[in-house]
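**Q** Have a look at this one.
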């Protein structure tokens, strides 16, 4: 396997299952933290052109909050949690009471709360994959920003742009309390890490 | 009409059309402008250097600073632009996440490569808004050559 396009159906199935277990765990962690009903969809393994990766519903400019956790050791890549305004408001209301936040003017406490939630969800995700594939996966300190969707997605896109023309991610939509307050959690591994993961799982 | 320039893309326009590229993060947008002919080019590069940049034997020349800028310049020259009159305005190259890991400071590497490519072509930079930690949308008006920058939380301004 040299690039993402070489993946076969069996690989996609395995990645979907990894995404399912990982983000299922992450969603349970979120649910436990904020006491909300968290609905999770089946994850999708996506191969996106760079242009498609930086657009969401045809736009790159929507303001979102993002928590980035870089992975190291046996899996390199990143987990990226993208949170829309309503979703962030709902999470923060669990900590600070009813409120509607403006992502562009979050205070320090709100940034810390969202960063920590992203961090805990990422670790739950990583732990699930680590035990599934018996791998040692490390995570760096989380990093938070609020900006245009496209500018945030340019980070994984550029890193993958060095080795190909597509971005592969396992995308999972998370909904809170049955309301359409969507958040996306993306697992984006590098090509060598994917190969290693498949080796560990006995699929070559 | 607003002509949209995608990621790893460049386009050329004349009045009354405008050029726009959305949500530059660590990518850099390069506007080349000739005021006498009112022809503007806008390039949205992702990476600094095309060396070892081919994928399956194919090189996407619009992806890299060192190939996209000369290509766009040549296209403008073929449209009758005098190379000596071309000026540049550049924006982008942000550090979107502070991860404390130097190897990922691609924004800075992109800025350096864009400046080097422009210098090699002897194109002066009239204005720039580069680096820092936020995304930018870049809009070029070929009537004036001015570049508007839009950000998510810091407002809008002109280069």
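**Q** Going residue by residue through segment B:55-68, is there one that turns out to be away from chain A (no Cβ under 13 Å) and in a loop (DSSP other than H, G, I, E, B)?
**A** Within segment B:55-68 (the criterion being away from chain A (no Cβ under 13 Å) and in a loop (DSSP other than H, G, I, E, B)), the answer is no, since none of the residues qualifies.
**Q** Residue A:50 fails exactly one of the following numbered conditions: (1) within 12 Å of chain B (Cβ to nearest Cβ); (2) at pLDDT below 90. What is the number of that condition?
**A** Result: residue A:50 fails condition (2) only.
**Q** While we're looking at this one, here's another question. If we scan segment A:74-82, do we find a residue that is over 14 Å from residue A:121 (Cβ atoms) and either assigned to a helix (DSSP H, G or I) or away from every other protein chain (no Cβ under 13 Å) (or both)?
**A** Scanning segment A:74-82, I find at least one residue that is over 14 Å from residue A:121 (Cβ atoms) and either assigned to a helix (DSSP H, G or I) or away from every other protein chain (no Cβ under 13 Å) (or both), so the answer is yes.
**Q** Also, I was wondering about something else. Being free of Cβ contacts under 8 Å to residues at least 12 places away in the same chain and over 24 Å from residue A:119 (Cα atoms) is the filter here; which residues of segment A:1-31 pass it?
**A** Hits for segment A:1-31 are A:6, A:8, A:9, A:13.
**Q** Separate question: Under 7 Å by Cβ, and 6 or more places apart or on different chains, what pairs join a residue from segment B:140-159 that is within 14 Å of another protein chain (Cβ to nearest Cβ) with one that is exposed (fewer than 15 other Cβ atoms within 10 Å of the Cβ)?
**A** B:148/B:156; B:148/B:158; B:149/B:156; B:149/B:157; B:150/B:156; B:152/A:104; B:153/A:104
**Q** Counting only residues that are closer than 14 Å to residue B:92 by Cβ and either over 13 Å from the mean Cα position of the chain (by Cα) or more than 12 Å from chain A (Cβ to nearest Cβ) (or both), how many does segment B:119-138 have?
**A** Counting residues in segment B:119-138 that are closer than 14 Å to residue B:92 by Cβ and either over 13 Å from the mean Cα position of the chain (by Cα) or more than 12 Å from chain A (Cβ to nearest Cβ) (or both) gives 10.
**Q** How about segment A:3-13: which of its residues are surrounded by fewer than 19 Cβ atoms within 10 Å (Cβ to Cβ) and in contact with a helix residue (DSSP H, G or I) (Cβ under 7 Å, 6 or more places away or on another chain)?
**A** Result: A:3, single match.
**Q** Related question: Having 1 or more residues that are surrounded by fewer than 18 Cβ atoms within 10 Å (Cβ to Cβ) and either away from every other protein chain (no Cβ under 13 Å) or in contact with a helix residue (DSSP H, G or I) (Cβ under 6 Å, 6 or more places away or on another chain) (or both) is the bar; report the strands (runs of 3 or more DSSP E) wholly within segment A:110-204 that clear it.
**A** A:166-176, A:179-189
**Q** To continue, here is another question. Which members of segment B:106-130 meet the condition of being in a strand (DSSP E or B) and touching a helix residue (DSSP H, G or I) at 6+ places or on another chain (Cβ under 9 Å)?
**A** Hits for segment B:106-130 are B:125, B:128, B:130.
**Q** Of (1) surrounded by fewer than 20 Cβ atoms within 10 Å (Cβ to Cβ); (2) touching a strand residue (DSSP E or B) at 6+ places or on another chain (Cβ under 9 Å); (3) in contact (Cβ under 8 Å) with a residue 60 or more places away in the chain, residue A:51 satisfies all except one. Which?
**A** Every condition holds for residue A:51 apart from (3).
**Q** Residue B:41 versus (1) buried (at least 24 other Cβ atoms within 10 Å of the Cβ); (2) within 14 Å of chain A (Cβ to nearest Cβ): which is the lone unmet condition?
**A** Just one mismatch for residue B:41, condition (2).
**Q** Still on this structure, I have one more. Considering only segment A:161-178, state which residues are more than 15 Å from the chain's Cα centre (by Cα) and in contact (Cβ under 8 Å) with a residue 40 or more places away in the chain.
**A** A:161, A:163, A:164, A:165, A:166, A:176, A:177, A:178
**Q** Out of everything in segment B:102-118 that is touching a residue at least 60 places away in the same chain (Cβ under 8 Å) and within 12 Å of chain A (Cβ to nearest Cβ), what residue ends up being nearest to the chain's Cα centre (by Cα)?
**A** Here the residue is B:110.
**Q** Based on what the data block shows, is residue A:104 under 23 Å from residue B:99 (Cβ atoms), touching a strand residue (DSSP E or B) at 6+ places or on another chain (Cβ under 8 Å), touching a residue at least 12 places away in the same chain (Cβ under 8 Å) and surrounded by fewer than 22 Cβ atoms within 10 Å (Cβ to Cβ)?
**A** yes
**Q** Please count how many residues of segment B:135-158 are surrounded by fewer than 18 Cβ atoms within 10 Å (Cβ to Cβ), in contact with a strand residue (DSSP E or B) (Cβ under 6 Å, 6 or more places away or on another chain) and in a loop (DSSP other than H, G, I, E, B).
**A** 1
**Q** Considering every residue within segment B:70-88, establish whether at least one is within 14 Å of chain A (Cβ to nearest Cβ), on the phi < 0 side of the Ramachandran plot and either at pLDDT below 95 or outside any strand (DSSP E or B) (or both).
**A** no
**Q** Can you name the residue in segment B:62-101 that is crowded, with 19+ Cβ neighbours inside 10 Å and without any contact (Cβ under 8 Å) to a residue 12 or more places away in the chain and, of all such residues, is farthest from residue B:6 (Cα to Cα)?
**A** Among them, the one singled out is B:99.
**Q** To continue, here is another question. Quick check: is even one residue across segment A:84-104 part of a loop (DSSP other than H, G, I, E, B) and under 28 Å from residue A:127 (Cα atoms)?
**A** Among the residues of segment A:84-104, at least one is part of a loop (DSSP other than H, G, I, E, B) and under 28 Å from residue A:127 (Cα atoms), which makes the answer yes.
**Q** Let me ask something else about it. Within 16 Å of the chain's Cα centre (by Cα) and in a strand (DSSP E or B) - does that describe any residue in segment A:12-35?
**A** no
The values are calculated or read from the model by the stated rules, or taken from the named source; none is laboratory data. All values reported here derive from a predicted model rather than from experimental measurement. FYI the Cβ positions are ideal-geometry reconstructions off the backbone, even for glycines, and counts take in every protein chain you see.
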